[in-house]
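Remarks on the structure that follows.
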Ligand code: 5AD
Ligand code: FES
């Protein structure tokens, strides 16, 4: 059919225009999705083999000055129990992660201005000094150019900042007026310019998202060429204005992972925690659809339940202290292996 023809064109490295993306995204069947997944999986096998890269995430503060309408740690959420880890606690989590075979540490937080750039640079340079064979990824939201620059000079290798949506009007329905789509896009440009391996991304099925929005996201990925793409389903959080909004589609999320792999063959593409939350085998299916990264939690179990961006997040209970072993098993069950390496963009 027509969708399959367009998937093939994408696989031949050809450009799809917005109307063609809309056709793909609105007209696909389960067979088209399976077709895209097998093509995507072939591509990731060709570039990365059956190896899955793991990244240990340390969610070091859930304090945030922003008020994104979808997010459980938005500043207006009075029910969130706020916490901050110290520099020492952050480094301890990474040291434990190193012993478990992690060679990338992702330091993520809300936009918490109590951590100075100087302090963050100290953490980054300390980690790089102690573990010179590791990559450090930051996910701290929107900062000033000078801060991104200082952190890069301190040794940070990568930065995750989802653009959330390439459509400005849509962005404005997801965020309060004090936040701007232009500023977010400017941050992404600056990160690229500073030499970070840069990650963009979206939530699938966020409120007010249309297929046209997703078509624009695909065109944005094609143009910006992020080294990493984070895509997970939107999941409502009970203490946000979007609490009654429907969750995003599991199948569409898997299809988009495949399309991203076909569009950008070497992209580092996680099977996200949100994908593992919406379906018990979401991460396995994500890998089978073309993902090649998994990002388990390295935060102390005592704080994990407090970093709730959406309801029912997996890996927050005591039984999840050891996500590393769990993932090893899960990947093995589908014929993949966890790699003990930085897992850089090729
Ligand atoms: N559902 C799914 N993903 C979410 N994020 C934030 N809130 C939610 C939610 N309710 C995603 C955003 C953000 C990333 C850290 O988590 O895309 O960039
Ligand atoms: Fe965390 Fe399975 S990956 S418990």
Report task. Would you point out the residue of segment 327-346, among those that are within 12 Å of ligand 2 (Cβ to nearest atom) and surrounded by 15 or more Cβ atoms within 10 Å (Cβ to Cβ), that is nearest to residue 102 (Cα to Cα)? Result -> 338
Query raised in the report: Restricting the first residue to segment 303-326 and requiring it to be more than 28 Å from residue 206 (Cα to Cα), which pairs with a second residue that is more than 10 Å from ligand 2 (Cβ to nearest atom) and not in a loop (DSSP other than H, G, I, E, B) meet a Cβ separation below 7 Å and a spacing of at least six or different chains?
Result: 318/301; 321/301
Query - Single residue of segment 210-256 satisfying the filter (touching a strand residue (DSSP E or B) at 6+ places or on another chain (Cβ under 8 Å), within 19 Å of residue 28 (Cα to Cα) and part of a loop (DSSP other than H, G, I, E, B)) that is nearest to ligand 1 (Cβ to nearest atom) - result: 248
Query raised in the report: Applying the selection to segment 149-162, what residues are part of a loop (DSSP other than H, G, I, E, B), in contact (Cβ under 8 Å) with a residue 40 or more places away in the chain and within 9 Å of ligand 1 (Cβ to nearest atom)?
Result: 162
Report summary line: Residues of segment 300-323 being in a helix (DSSP H, G or I) and under 19 Å from residue 89 (Cβ atoms), in sequence order, are 301, 302, 303, 304, 318, 320, 323
Report task. Scan segment 62-77 and give yes if some residue there is under 16 Å from the mean Cα position of the chain (by Cα) and at negative phi, otherwise no. Result -> yes
Report summary line: Cβ pairs under 9 Å, 6+ apart or interchain, first in segment 65-78 and within 15 Å of residue 173 (Cβ to Cβ) and modelled with pLDDT of 95 or more, second more than 8 Å from ligand 1 (Cβ to nearest atom) and outside any loop (DSSP other than H, G, I, E, B), ordered by first then second residue, are 68/174; 69/173; 69/174; 70/174
Requested in this report: Determine if segment 224-233 includes at least one residue that is within 16 Å of ligand 2 (Cβ to nearest atom), closer than 26 Å to residue 307 by Cα and buried (at least 23 other Cβ atoms within 10 Å of the Cβ).
Outcome: yes
Query raised in the report: Can residue 205 be described as surrounded by 19 or more Cβ atoms within 10 Å (Cβ to Cβ), within 16 Å of ligand 1 (Cβ to nearest atom) and in contact (Cβ under 8 Å) with a residue 60 or more places away in the chain?
Result: no
Query raised in the report: On the given criteria, is residue 297 under 30 Å from residue 240 (Cα atoms), modelled with pLDDT under 95 and within 16 Å of ligand 1 (Cβ to nearest atom)?
Result: yes
Report task. Confirm whether residue 287 is buried (at least 22 other Cβ atoms within 10 Å of the Cβ) and away from ligand 1 (no atom under 16 Å from the Cβ). Result -> yes
Query - Conditions (1) away from ligand 1 (no atom under 15 Å from the Cβ); (2) under 26 Å from residue 94 (Cα atoms); (3) surrounded by fewer than 20 Cβ atoms within 10 Å (Cβ to Cβ); number of the one not met by residue 139 - result: (1)
Report task. Would you check if residue 110 is in contact with a strand residue (DSSP E or B) (Cβ under 8 Å, 6 or more places away or on another chain), over 25 Å from residue 343 (Cβ atoms) and surrounded by 17 or more Cβ atoms within 10 Å (Cβ to Cβ)? Result -> yes
Report summary line: Over segment 116-131, the set of residues in contact with a strand residue (DSSP E or B) (Cβ under 7 Å, 6 or more places away or on another chain) and either surrounded by fewer than 20 Cβ atoms within 10 Å (Cβ to Cβ) or farther than 26 Å from residue 309 by Cα (or both) is 127, 128
**Report entry** Total residues in segment 268-279, condition in a loop (DSSP other than H, G, I, E, B) and surrounded by fewer than 23 Cβ atoms within 10 Å (Cβ to Cβ)
**Finding:** 1
Query raised in the report: Scanning for something in a loop (DSSP other than H, G, I, E, B) and modelled with pLDDT of 95 or more, does segment 39-51 turn up at least one residue?
Result: yes
Query raised in the report: Considering 275, 327, 269, which residue is more than 30 Å from residue 219 (Cβ to Cβ) and in contact with a strand residue (DSSP E or B) (Cβ under 7 Å, 6 or more places away or on another chain)?
Result: 327
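The values are calculated or read from the model by the stated rules, or taken from the named source; none is laboratory data. Predicted model only: the values in this text are computed from it and were never measured. With ideal geometry, Cβ positions are generated from the backbone for all residues, glycine too; neighbour counts draw on all protein chains shown.
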